[in-house]
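The values are calculated or read from the model by the stated rules, or taken from the named source; none is laboratory data. Quantities reported herein were computed from a predicted structural model and do not represent experimental measurements. Positions of Cβ are generated from backbone atoms using ideal geometry, with glycine treated the same way; all protein chains shown enter the neighbour counts.
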Amino acid sequence: MIKYFAPNSLADNGMKEVKKLLKLHMNGAASEQMEKRGLDYELNYGVSFLHLKKIATKLPEQMELAERLWYREVREMMILATLIVPKDKLSIEQCLEWSKLIKNGELVEQISLNLFSKLSYAEELSLQLISQDNDLLKATGYFSLGWFLRLREEGGVDFNDSLRSRLEKDLLTANLPLLRGVGHLLKQIIRVDTEFCDLVSDYSDRLIKQDGVISQQVGLELKEEIKYLKES
């Protein structure tokens, strides 16, 4: 997606600094391994998350810079955008627009943890994403809602019929990020409210009975989580 921006000296200088730092920490071998795993980006420097977090601390929290970074579709720049964008200046409509560029499971998890789950309208945004037809957007919604439940200090779980219906349908998917997203949300739900353990145990049984290895793995992980919560 090509997006053009008006000149902005602070943002333009920030982009130059980012490019310099990314070249300094680039790792060709790591980039090649990510490509083999199917991570789809216009460009990938192979920079570690640790270095990206350090780079983010050197950048201004500026909307103009964050948008330039995101729309370049370079792995490291997109992740940096999720770390530096001012959360109080990003609208739900902009989040939905940004989400159109989510093309792999890594970005699903990064934008969910770093950004979407920490917004004041995180729950509303998550549910909108879960209602989409795109599996990666659904996965982003499940991860975001899960992290939102995990990070907030208080409050119960609104595990309503609509969310339950969508989740039960998505249990049958073969899409890896979506399965991981479903599993992540279910783990956070029972951590917040153990009354849902029996229901989630039923879901885990359904996953274990499926043919896919990932489905079975997610189901077994949920079983272990339930066992730990009941024993603690």
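Take ILE79 and tell me if it is among the β-branched types (Val, Ile, Thr), in the same structural domain as ASN175 (by TED's automatic domain parsing) and surrounded by 18 or more Cβ atoms within 10 Å (Cβ to Cβ). Criteria not met by ILE79. Condition check for LEU69 on (1) within 11 Å of VAL18 (Cβ to Cβ); (2) surrounded by fewer than 19 Cβ atoms within 10 Å (Cβ to Cβ): one failure, at (2).
Scanning region 146-167 for residues that are surrounded by fewer than 18 Cβ atoms within 10 Å (Cβ to Cβ), of a type in the set (Gly, Ala, Ser) and modelled with pLDDT of 85 or more yields a count of 2.
None of LYS19, LYS89 is within 20 Å of the chain's Cα centre (by Cα) and either among the β-branched types (Val, Ile, Thr) or surrounded by fewer than 17 Cβ atoms within 10 Å (Cβ to Cβ) (or both) except LYS89.
Conditions (1) within 28 Å of HIS51 (Cβ to Cβ); (2) not in a helix (DSSP H, G or I), marked per residue:
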| site | (1), (2) |
| --- | --- |
| LEU69 | yes, no |
| MET77 | yes, no |
| LEU90 | yes, yes |
| TRP98 | yes, no |
| LEU125 | no, no |
| TRP147 | yes, no |
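Restricting attention to region 33-62, the residues that are surrounded by 17 or more Cβ atoms within 10 Å (Cβ to Cβ) and either within 16 Å of ASP12 (Cβ to Cβ) or touching a Leu at 6+ places or on another chain (Cβ under 7 Å) (or both) add up to 7. Somewhere in region 132-143, is a residue under 16 Å from LYS87 (Cα atoms) and crowded, with 18+ Cβ neighbours inside 10 Å? Looking through region 132-143, none of the residues is under 16 Å from LYS87 (Cα atoms) and crowded, with 18+ Cβ neighbours inside 10 Å. Would you mention how many residues in region 91-110 are under 19 Å from GLU64 (Cβ atoms) and either of a type in the set (Gly, Ala, Ser) or assigned by TED's automatic domain parsing to the domain that holds ARG180 (or both)? Total meeting the criteria: 1.
Please verify whether GLU109 is within 24 Å of ALA122 (Cβ to Cβ) and either of a type in the set (Lys, Arg) or at pLDDT 95 or above (or both), treating the condition exactly as stated. Step through it out loud before you land on a result.
On the way: within 24 Å of ALA122 (Cβ to Cβ): yes; either of a type in the set (Lys, Arg) or at pLDDT 95 or above (or both): yes.
So GLU109 passes the test.
Checking each residue in region 198-212 for being surrounded by 18 or more Cβ atoms within 10 Å (Cβ to Cβ), out of contact with any Ser or Thr (no Cβ under 7 Å at 6 or more places or on another chain) and not hydroxyl-bearing (Ser, Thr, Tyr) picks out only VAL200.
Listed by first and then second residue, the pairs with beta-carbon distance under 6 Å, at least 6 apart or on different chains, first residue in region 53-66 and assigned to a helix (DSSP H, G or I), second surrounded by fewer than 17 Cβ atoms within 10 Å (Cβ to Cβ), are MET63/PRO86; MET63/LYS89; GLU64/ASN8. Of the residues SER126, SER99, SER91, the single one that is in contact with a Phe, Trp or Tyr (Cβ under 7 Å, 6 or more places away or on another chain) and modelled with pLDDT of 95 or more is SER126.
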